[in-house]
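In what follows, a structure is listed as structure tokens, so that the remarks can point back to it.
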Amino acid sequence: MAAADPWYVEAFREGYLQLYPHRDLGAARREAAFLVARGLRGRVLDLCCGFGRHTLALREQGFDAIGLDLSPELLAHAAQGPGWELLRGRLLRGDARVLPFAERSFGSLVNLFSSFGYFGEEGDRQVLREIARVLSPGGFLALDLMNPAFVRAHLVPFSESERAGARLLESRSLAEGGRLVRKDVEWQLESGPVRWREEVRLYEPAELARALEAAGLRPRETCGDFDGSPLAQGSPRQLVFAERV
Ligand SMILES: C[S@@+](CC[C@H](N)C(=O)[O-])C[C@H]1O[C@@H](n2cnc3c(N)ncnc32)[C@H](O)[C@@H]1O
């Protein structure tokens, strides 16, 4: 019998788009504008782009932007959107751990909305090494992660809601001494329940800074959200800007 797909394949199918409708193009446009003001420049890779909303927002601003993602379902969704003309030939399927680009291919790389911390310690480090490899020296990196302190303080162990006319059950917990946040999702569709797990490693700011340095990426600045506020215990996000050494 074939082994089950890993969680990061199961979790990012069509259902993801219906469960997280607020992760839309409007928000992506605001976030892209913030990143440009923070120093994003040159040819851009949107790593783990999903359905390409930030890639599109950057293309609208005239950037030579490319998106890469593992999910064929999310990539296919991009072709149904209004901005498809700008994205045509710009989205590709690939794995963040083995990027299909030559070294120094990009002036900037963005990894947005908690798309890091999926592959275990060595896998995550491999992603950082790949990021460093494809960035030009002096290149700009933006990582947008969960803030561990905020997650621990606001974790809702169980919630029940309705999404797209179907009941949605979500259980959340911390594992590995609080370093891993786990969400079990059950969506009770008419056709039968769909279940998946999301399991993301939380990185403390200092720990992340060390991992970036080890990969050849020099941390420059951290923010607590896309409004430029400083990172604090109560910040919803952990935004890290780094430079390729
Ligand atoms: C939380 S979503 C964020 C998507 C997008 N950045 C956004 O803001 O809408 C995480 C994305 O990582 C992608 N992903 C998971 N594992 C991956 C891998 N090994 N290589 C590339 N992308 C991956 C998923 O398919 C999913 O689209």
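Just the ratio, please: alpha-carbon radius of gyration of the chain over 2.2 N^0.38 Å, N its number of residues.
So the Cα radius of gyration is 0.99 times the expected 2.2 N^0.38 Å.
Given the options Gly228, Ser161, Gly192, identify the residue whose Cα lies farthest towards the positive end of the charge dipole of the range 151-245 (+1 on Cβ of Lys, Arg; -1 on Cβ of Asp, Glu).
In the range 151-245, that residue is Gly228.
Put +1 on the Cβ of each Lys and Arg and -1 on the Cβ of each Asp and Glu in the range 1-50; which of Val36, Tyr16, Cys49 then has its Cα farthest toward the positive end of the dipole?
Toward the positive end, the furthest listed residue is Val36.
By the scheme Lys and Arg +1, Asp and Glu -1, what is the net charge of all other residues having a beta-carbon under 12 Å from that of Arg237?
For residues surrounding Arg237, the net value is -4.
Mean residue ellipticity at 222 nm from the helices of the chain, using -39,500 (n - 2.57) per DSSP H segment of n ≥ 4 over the full residue count, to the nearest 500 deg cm²/dmol?
One gets -8500 deg cm²/dmol as the mean residue ellipticity at 222 nm.
Which distance in Å, rounded to a whole number, links the C-alpha centroids of the range 151-184 and the range 94-121?
Centre-to-centre distance over Cα atoms comes out at 26 Å.
Treating only the Cβ of Lys, Arg, Asp and Glu as charged (+1, +1, -1, -1), what charge dipole size does the range 143-245 show about its Cα centre? Round to the nearest 20 debye.
Working: 15 positive and 17 negative charges, 48 e Å.
Value, rounded to 20: 220 debye.
How charged is the neighbourhood of Arg220? Take every other residue with its Cβ under 14 Å from the Cβ of Arg220, and add Lys/Arg as +1 and Asp/Glu as -1.
Charge balance in the 14 Å sphere: +1.
In debye to the nearest 20, how big a dipole does the chain give about its Cα centre with +1 on each Lys and Arg Cβ and -1 on each Asp and Glu Cβ? Could the numbers behind the result be given before it?
On the way: 32 positive and 34 negative charges, 124 e Å.
So the magnitude is around 600 debye.
When the expected Rg is taken as 2.2 N^0.38 Å, what fraction or multiple of it is the alpha-carbon Rg of the range 4-56? Each step should come with its number before you reach the end.
Details: Rg = 13.4 Å, N = 53, 2.2 N^0.38 = 9.9 Å.
It is 1.35.
So which GluC sites (Glu not before Pro) in the range 163-245 are both in a DSSP loop and have at most 14 other Cβ atoms within 10 Å of their Cβ?
Loop-located and lightly packed - Glu176, Glu190.
Using alpha carbon coordinates only, what is the Rg to Rh ratio of the range 106-201, with Rh defined as the Kirkwood radius?
1.09
In a shell of Cβ-Cβ distance under 13 Å around Gly123, excluding Gly123 itself, what net charge do Lys and Arg (+1) and Asp and Glu (-1) give?
-2
Place a +1 charge on the Cβ of each Lys and Arg in the range 81-164 and a -1 charge on the Cβ of each Asp and Glu, then give the dipole magnitude about the Cα centre in debye, rounded to the nearest 20.
It works out to roughly 280 debye.
Would you mind getting the Kirkwood hydrodynamic radius of the range 1-147 from its Cα pairs, rounded to one decimal in Å?
It works out to 15.5 Å.
Which trypsin sites (Lys or Arg not before Pro) does the range 1-97 hold that lie in a coil by DSSP with at most 11 other beta carbons within 10 Å? Write out the running numbers ahead of the final one.
Working: sites: Arg13, Arg23, Arg29, Arg30, Arg38, Arg41, Arg43, Arg53, Arg59, Arg88, Arg90, Arg93, Arg97; in loops: Arg13, Arg23, Arg41, Arg43, Arg88, Arg90, Arg97.
In loop regions of the range 1-97 (DSSP not H, G, I, E or B), the sparsely surrounded trypsin sites (Lys or Arg not before Pro) are Arg88.
Applying the Karplus parametrisation 6.51 cos²θ - 1.76 cosθ + 1.60 with θ = phi - 60° to the phi angles of the range 233-242, what ³J(HN,Hα) value in whole Hz is obtained for each residue in order, glycine and proline being reported as x?
Each residue's phi maps through the Karplus curve to give 3, x, 6, x, 10, 10, 9, 10, 10, 9 Hz.
Read-outs: derived from the displayed coordinates by stated rules, not from any lab. Owing to the predicted nature of the structure, the values given are computational and were not obtained by experimental measurement. Quick reminder, even Gly has a Cβ in these numbers, built from the backbone with ideal geometry, and neighbours come from all protein chains shown.
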